[in-house]
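To start, the structure itself, in structure tokens.
The values are calculated or read from the model by the stated rules, or taken from the named source; none is laboratory data. All values derive from a computational prediction rather than experimental measurement. Quick reminder, even Gly has a Cβ in these numbers, built from the backbone with ideal geometry, and neighbours come from all protein chains shown.
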Amino acid sequence: MHRLQTPRREGLTKPSPRLIDVRVGSATDGRVPISIAERSLSAGPFHWLALVAVAFAAILADQLTKQFVVTQLQFGESVDVAGPLSIHHVRNSGIAFGLFSTWASAVTLLTAIAVAWMVAYFARSGARHPVLPVALGLLIGGSAGNLVDRLRLGHVTDFLDLRYWPAFNLADTFIVIGVAILLTALISAERHPRRPPRLPRAS
């Protein structure tokens, strides 16, 4: 008796070409998850909007406070506020807290390079961590605020004086806060690494 052969499904005999190969499942031993789909770490529109907003707010606050000090206090004049804090109108040609004040041109160039590098890094990795827009926004805003002073005046206006510490301004404060946020995020990520989401077992 001739035995009829059951035709195979068309999808097995003539598979359609696959344009994108995305596999989510388990390895042959059933224990190691496999995932070929990768999420882009580049900054998206929301990340750029957050970065620009934080940086703009930092620059605006820095420039307004400096302008207020320049118009209200003579150079070298100071006003006691509370405890060791005083508002002291001083000028600084170096980086934060008066460091490298004799290398004004080099400091200006390095600051511009640092700002450009931070923007480029954010473009590639802005989605890597949720605090990056805030931290880098403060760093970029603080650095740009002092850079504007150096390019426009040839020096930076400092006014926050704690007597036992070199005078500084809001831009310096934003830079320190931005670095602190980045370090805190890195330490937290090392202590509590993210676990990959559990995938359903293949039946």
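Among residues of the range 163-193 being at pLDDT 90 or above and more than 14 Å from the chain's Cα centre (by Cα), the one that is surrounded by the most Cβ atoms within 10 Å (Cβ to Cβ) is A171. Looking only at residues of the range 111-137 that are among the small types (G, A, S) and in a loop (DSSP other than H, G, I, E, B), we find that the one that is farthest from L41 (Cα to Cα) is G126. Can I20 be described as touching an Asp or Glu at 6+ places or on another chain (Cβ under 7 Å) and modelled with pLDDT under 90? No: the conditions fail for I20.
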